[in-house]
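In what follows, a single structure is set out as structure tokens and then discussed.
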């Protein structure tokens, strides 16, 4: 499969994000896509040459998940931001799930903001666990540590320093405040609905996504 860079330049001019910050962030994302392509080619070459027991193959295999998640998480993140974001719809199916799992939207937001504000570099993600049909706010360190197996990202916030330092310095809280204002809740709701639809249409002998039990 060929991995291609997605174009997010339509975000230029979004409230609270300078064009310089966005351009730098887009270039970083493009680097992940490029590296995923290079790693894919190298791994295929090692496979063709039957060099699967080499240290080089092993290390490339380890690296692939880091680069791939770096690519995908940035795509989730940029896609759930908008210059004219759709506000949270309190009557949506996602809103009903948030109410069920967190009590109120305010309680969810307090927990999500606290997750994003944790010390360190990483990602704050609202995941849907299809098995329990439950939403969870999760901290993912780097790109590949902390993911919940089988869970579906519904909302992704980049809290690496490169996401905010050019505009906000070390004031991470200020960045979180701005970022929460430009979240496109229509996108998050659509991700949730698609995940739930896939769950409803699963084969009868599948416990949840991909689990034959």
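Structural remarks
- Scanning region 135-177 for residues that are under 17 Å from the mean Cα position of the chain (by Cα) and farther than 30 Å from residue 91 by Cα returns 141, 142, 143, 144, 145, 146, 160, 161, 162, 163, 164.
Each row is one residue, and each column tells you yes or no for (1) part of a helix (DSSP H, G or I); (2) under 30 Å from residue 108 (Cβ atoms); (3) free of Cβ contacts under 8 Å to residues at least 24 places away in the same chain.
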{"position": "2", "(1), (2), (3)": "no, no, no"}
{"position": "28", "(1), (2), (3)": "yes, yes, no"}
{"position": "32", "(1), (2), (3)": "yes, yes, no"}
{"position": "62", "(1), (2), (3)": "yes, no, yes"}
{"position": "67", "(1), (2), (3)": "yes, no, no"}
{"position": "70", "(1), (2), (3)": "yes, yes, no"}
{"position": "73", "(1), (2), (3)": "yes, yes, no"}
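- From the list 136, 128, the lone residue that is in contact with a helix residue (DSSP H, G or I) (Cβ under 6 Å, 6 or more places away or on another chain) and part of a strand (DSSP E or B) is 128.
- Residue among 143, 162 that alone is assigned by TED's automatic domain parsing to the domain that holds residue 106 and part of a helix (DSSP H, G or I): 162
- Condition check for residue 24: at negative phi, in contact with a helix residue (DSSP H, G or I) (Cβ under 9 Å, 6 or more places away or on another chain), surrounded by fewer than 16 Cβ atoms within 10 Å (Cβ to Cβ) and not assigned by TED's automatic domain parsing to the domain that holds residue 183: yes
- Checking residue 148 against (1) surrounded by 22 or more Cβ atoms within 10 Å (Cβ to Cβ); (2) in a loop (DSSP other than H, G, I, E, B), the condition it does not meet: (1)
Residues checked against (1) more than 26 Å from residue 142 (Cα to Cα); (2) assigned by TED's automatic domain parsing to the domain that holds residue 134:
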{"position": "46", "(1), (2)": "yes, no"}
{"position": "52", "(1), (2)": "yes, no"}
{"position": "55", "(1), (2)": "no, no"}
{"position": "68", "(1), (2)": "no, no"}
{"position": "87", "(1), (2)": "yes, no"}
{"position": "103", "(1), (2)": "yes, yes"}
{"position": "108", "(1), (2)": "no, yes"}
{"position": "113", "(1), (2)": "no, yes"}
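- When we screen 118, 180 for residues that are more than 16 Å from residue 93 (Cα to Cα), part of a helix (DSSP H, G or I) and touching a strand residue (DSSP E or B) at 6+ places or on another chain (Cβ under 9 Å), the only hit is 180.
- Boolean, residue 122 is more than 19 Å from the chain's Cα centre (by Cα) and over 12 Å from residue 180 (Cα atoms): no
- Qualifying position, being touching a strand residue (DSSP E or B) at 6+ places or on another chain (Cβ under 6 Å) and either part of a helix (DSSP H, G or I) or surrounded by fewer than 19 Cβ atoms within 10 Å (Cβ to Cβ) (or both), among 111, 89, 107: 111
- Selection within region 123-156 - modelled with pLDDT of 95 or more and under 20 Å from residue 27 (Cβ atoms): 123, 156
The values are calculated or read from the model by the stated rules, or taken from the named source; none is laboratory data. The structure displayed is predicted, hence computed values, not measured ones. A quick note on method: Cβ atoms are made from the backbone with ideal geometry, for glycine too, and the neighbour counts reach across all protein chains shown.
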